[in-house]
Amino acid sequence: MINIEELKKKALERIDDAKSLKDLDDIRVNYFGKKGEITFIMQSFKDMAAEERKELGKIVNDARQSIEEHIKNRYEKFNELVLNEKLKHEAIDVSLPSKKVGIGHYHPCTIVFNDVKNIFEKMGYSVVTGPEIEYDEYNFEKLNIEKGHPARDEQDTFYINEKVLLRTQTSPVQARVMEKGKLPICIISAGRVFRSDSVDATHSPTFHQIEGLVVDDNISFTDLKGTLTNFAKSFFGENIKTRFRPHHFPFTEPSAEMDVSCFKCGGKGCRFCKNEGWIEILGCGMVNPRVYELCGLNKDKCQGFAFGMGIERLALLKYEIDDMRLLYENDTRFLCQFD
Amino acid sequence: MKASNYFLKYYVKDLDVSGKEFAEAITLTGTKIETYEKLNINLEKIIVVRLDKVEKHPDADKLVVCKVNTGSDVIQIVTGAPNVYEGMLCPAVLVGGKVAASAHDHDEHPNGISIKAGKLRGVESFGMLCSIDELGRPADLYGGSDGIFDMSNLNCKPGDDAIKVLHLDDTLYDFEITSNRIDCYSVIGIAKEVAATFNKSFMMPKMTFSPKFSDKKYIEIEVRDKDLCPLFSTRFIKNIKIAESPEWLKDCLRAVGIRPINNIVDITNFVMMEFGQPMHAYDYDTIRGKKIIVKRANNGDKFTTLDGQVRELDNTMLTICDGEGAIGLAGIMGGENTMITDSCKNLLFEAANFNGTNIRLSSKKLGLRTEASNLFEKGLDPNNAIKAINRACALIEDLGCGEICEDFIYVYPDENKNVNKTIEVSADKINSLLGTNISPNDMKKILDKIDLITEISNNNLKINVPTIRKDINNYADVAEEVMRFYGYDKAGETIPNLKISPKVLTNKELIENIAMEIATYNGFNEAMNYSFESKKVYDLLRFKPDAIERNYITIQNPLGEEFQVMRTQLANGILKSLATNFNRKIKSAKLFELANIYLPKDKEIKILPDERKTFILGGYGKELDFYVFKGYAEEFISKSHVIGKISFVKNENIEYMHPGRTADIFVDDVKVGYVGEVHELVAKNYEINTKVYILQFDIPLIIEKSNFVFKYKEVSKFPKSERDLSMTVPKDITVDKIENVFTERGGKLLESFELFDIYEGEQIGKGLKSVAYNLSFCSKDHSLTAEEVDSIINKIINGLNSLGIELRK
């Protein structure tokens, strides 16, 4: 009788000694092939008595199982080695430059506009737009800037003809909204405006404004202050302080300019804020009753505020850009810095 | 508007703050300080000295050694100035003190120069005698001498503080005056604001005088053009004595940068500063016919102004004439023929009021802007002019420079109409507008102190508004005055209580957002270009003379030729921007712009033009070609949920595009854009020596064609069957013909197809190309059998065959 234990022991040793996947395959054939040793033993079972077969069968089966398992383990080990070899071979230089996905960038003015817009949209404001080439009537007359007012001097305004001009402000959109006569009004209007300023580091004949208008029957100056202080904190940071200074605009009364505490020095005074500790951000005020009249609203039933700011100015401040001309040059190395 | 602390204190005697504290407080009540400057900055230990002895330096020809009396001591100072003499009083800085650097080396010594004891060529010197320049003041305001400043004529003695004697212990403020506060273009106007801000009392200057004689006919005034001259008033002064002004007056003028001339000129300048009212002084004896006529000039009239320039006038300009001709340009400048000279004996003062707009236009046409025209063009108050002319006479009397005639001759047609107005408003209305709770009494207190005298009855305010406050017309104006002195900072902060309905994004906003996203996701940076450009760009873009794009809107008063017309295309902007990048040697650049073009609707632009939002993408670089840009187009169209059949149709007729590499983009039969390579000649015109690609969409048309209301399409859970078709195609058949066959014959089981190879070459045969497609078939409810797919493929092949296309074996 063949010593099964001996056979098993030898088989396991041979498996351990196998040097390659081919060795392992040879071993498998040697034991489990058609003429394999285990196959031979199993075939010899049919000549045995049932009792003997059962006893021997169990032993052989155990041996077969452990040999097969051993082959399998060994096989996996070999595969792992081969795989490791392959992976090692596939190694790359991870310090090589990336293949750029190259997502483009919005213009800094768009980014600032979106930031401002998002803040006001969260407060419930709707965005409205209007024509860039506008009637004198909307750009000036309905906003209490009558003929002969210095603000509409040819020096400042580009005219197409006597009645049509390039809007000098986004406020005509406010006039168009008020004219519709539906209260409450809670809008921001934004867009391109034009003034006859020669191109230099701080002037451009084209720039962008964003304006707001809130009108109902009971809106007050304290509402204006609260709204714009909220805006300033959202835009510049929670620690910013605001200051409202009396000013003058033809379409608001009382009027104010809002300064924010210098975000570089915190208000102590530095070069950035010209030692004032404050930086001028926007103009605002309570809509002048005369404007309600001019836009066909009942001046006794309307009370509201308006404000407006220059987007380029905010962008220059936010990113500390020292020359406005960079905004219209479109050098991709400049543009790709903004997100 | 400039005013100094010293000047302001004439009217607000108790003003006790200056510098930063003053600037902050007055800014918060609405008169913003732009800048302020302490005149004695960098000046330390500077006293008046007397030069007791002036001797030659033993070793230097250009130096002198002075024995200097400091009032308590005699010290030795060496100086190089040639104008010193024994007995001279002058300023000296003592050892340990400081002087300002003179104007030409100020940048080197921004903090002044410290003075130490030293030796000059072996002789000890214990200080420095000073020029006016070294005291930080412009020499031309002090007679122009650049030697040691001579104080011998001033009321001072050795040991006095020279800074105090020269009134340099002063601060000069530059105020930003808002356009509504015409009254604040005067020291008095500002002084009133100052008094109210600091709760001090305000005192008007003396405007009374004792006339010496009467002459009811010293002049006859005729105002012919009353629309341009609401007031013309005169005063007559006899036996004038032209002399220097007293130091206090000169120092007031010098502090604000006006050079003292003589008492008469100084008085008119001083009163102009005080009241914001320009005045003019004529040599009375040169006025012909003792007559003044105010009238418009005739076209072509010539007139010599007192600066010696000959001016050509037109019939819109107002002149002051005497019996024979013009003697002044109203509100702008007087004439050479009647100007005050040293020999002048008698003078006529004019204080008038002119139409501001007319003065502005005339001054602009003449290219002549003066202090006077700058003030008149703001639109002044006639009543203030009368105060000013009386003030000038009071000064004439005080300075003893002439005899004033008792008679006041003037023309003032609306004298009875130009009176104080009354505004009535309830305190509640003001509090409602401001969101405050200020008592009527507190409002009255505030209004009274700025000359808005107020009566209260039953919570109602009745406010008397003086004519000089042209800016106060309604309750909101009154509310602002209350708020300014109550304090903008004292008002609380609240949030409006509004019933606002939620907003939804419009299709326009959605499409614009998609455009921005598609562009940036595909690596385009956002560009911004001006809306106006030169007409010449239409030549650069090779537009034909009759091209519709040349139908642009022209700006009447452009900044220059390069900003003259409103753009009708965005190609120029994007090409110009790409050129900037190319010239700077940037290897590849992709830019987009989403902006308006302006298309006129009528010839005269009586109605507003069509402002079309246009989306343009442009780029150059080796990774780009037509098909990459076509891909961007498809992505945008797909994301925009455009409904309809999309086709790219070759267009050979876009002037600035490559005729063989440009396609119009159609949705059904509507052209929504184009894509292609820029014409080589145009790229050259922009100095871009490489291939440039452009893709452009008309946003309004895309909005029209898009629909964001849609239902999802079921996705099959069964596997796809794929077939490759490799075919030989006559060269002139474009692949869209093949794809039409697929879509027409593929039925709903054909899920998609994709071109994976296209080839032309000898082995294919002349006039032929090889095209290979991969087709995917799928059913929603079962796995397709080979037979099902084959039958569709056969149908497709039949269709292809009819186009002359053969399958490759």
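Remarks
- Among the residues of segment A:100-143, those identified as of a type in the set (Lys, Arg) and within 11 Å of chain B (Cβ to nearest Cβ) are A:Lys100, A:Lys117.
- Among the residues of segment B:735-779, those identified as β-branched (Val, Ile, Thr) and either under 24 Å from B:Phe718 (Cα atoms) or surrounded by 13 or more Cβ atoms within 10 Å (Cβ to Cβ) (or both) are B:Val735, B:Ile738, B:Val741, B:Thr743, B:Ile764, B:Val771.
- Number of residues in segment B:515-532 that are over 14 Å from A:Cys336 (Cβ atoms), of a type in the set (Gly, Ala, Ser) and in contact with a Lys or Arg (Cβ under 7 Å, 6 or more places away or on another chain) equals 1.
- Applying the set (1) of a type outside the set (D, E, K, R); (2) surrounded by fewer than 16 Cβ atoms within 10 Å (Cβ to Cβ); (3) in contact with a strand residue (DSSP E or B) (Cβ under 8 Å, 6 or more places away or on another chain) to B:Phe232 leaves exactly one unmet item: (2).
Residue-wise test of (1) assigned to a strand (DSSP E or B); (2) buried (at least 19 other Cβ atoms within 10 Å of the Cβ); (3) touching a residue at least 60 places away in the same chain (Cβ under 8 Å).
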| position | (1), (2), (3) |
| --- | --- |
| B:Ala3 | yes, yes, yes |
| B:Phe7 | no, yes, yes |
| B:Asp52 | yes, no, no |
| B:Lys62 | no, no, no |
| B:Lys67 | yes, no, no |
| B:Tyr85 | no, no, no |
| B:Pro91 | yes, yes, yes |
| B:Asp107 | no, no, no |
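- Filter result (buried (at least 22 other Cβ atoms within 10 Å of the Cβ), in contact (Cβ under 8 Å) with a residue 60 or more places away in the chain and in a helix (DSSP H, G or I)) within segment A:209-230: A:Phe221, A:Asp223, A:Leu224, A:Thr227, A:Leu228
- Some residue of segment A:276-287 being among the aromatic types (Phe, Trp, Tyr) and not in a strand (DSSP E or B): no
- Qualifying residue in segment B:534-555 (condition: under 26 Å from the mean Cα position of the chain (by Cα), facing chain A (nearest Cβ under 7 Å) and farther than 23 Å from A:Val112 by Cα): yes
- Residue, surrounded by the most Cβ atoms within 10 Å (Cβ to Cβ), within segment A:316-339, restricted to residues that are facing chain B (nearest Cβ under 7 Å) and in contact (Cβ under 8 Å) with a residue 24 or more places away in the chain: A:Leu335
- You will find that of A:Tyr31, A:Tyr125, A:Tyr135, the residue that is of a type outside the set (Asp, Glu) and within 27 Å of the chain's Cα centre (by Cα) is A:Tyr125 and no other.
- Residue ID - surrounded by the fewest Cβ atoms within 10 Å (Cβ to Cβ), chosen from residues in segment A:103-121 that are assigned to a helix (DSSP H, G or I), of a type outside the set (A, V, I, L, M, F, W, C) and in contact with a helix residue (DSSP H, G or I) (Cβ under 8 Å, 6 or more places away or on another chain): A:Asp115
- Answer residue from segment B:556-581, given it is in contact with a Pro (Cβ under 7 Å, 6 or more places away or on another chain) and not in a helix (DSSP H, G or I) and is nearest to the other protein chains (Cβ to nearest Cβ) among those: B:Leu559
- Filter result (part of a helix (DSSP H, G or I) and of a type in the set (Lys, Arg)) within segment B:423-474: B:Lys429, B:Lys444, B:Lys445, B:Lys449
- Within the set A:Gly266, A:Gly304, A:Gly296, A:Gly308, the sole residue that is in a strand (DSSP E or B) and either among the β-branched types (Val, Ile, Thr) or more than 11 Å from chain B (Cβ to nearest Cβ) (or both) turns out to be A:Gly308.
- Complete set of residues in segment A:208-251 that are at the interface with chain B (Cβ under 10 Å from one of its Cβ atoms), within 34 Å of the chain's Cα centre (by Cα) and not aliphatic (A, V, I, L, M): A:His208, A:Thr222, A:Asp223, A:Lys225, A:Gly226, A:Thr227, A:Thr229, A:Asn230, A:Thr242, A:Arg243, A:Phe244
Laboratory data are not the source of any read-out in this text; all were calculated from the coordinates shown. Keep in mind that what you see is a predicted model, and the values were worked out from it rather than measured. Note that each Cβ is placed from the backbone with ideal geometry, even for glycine, and that neighbours are counted across all protein chains shown.
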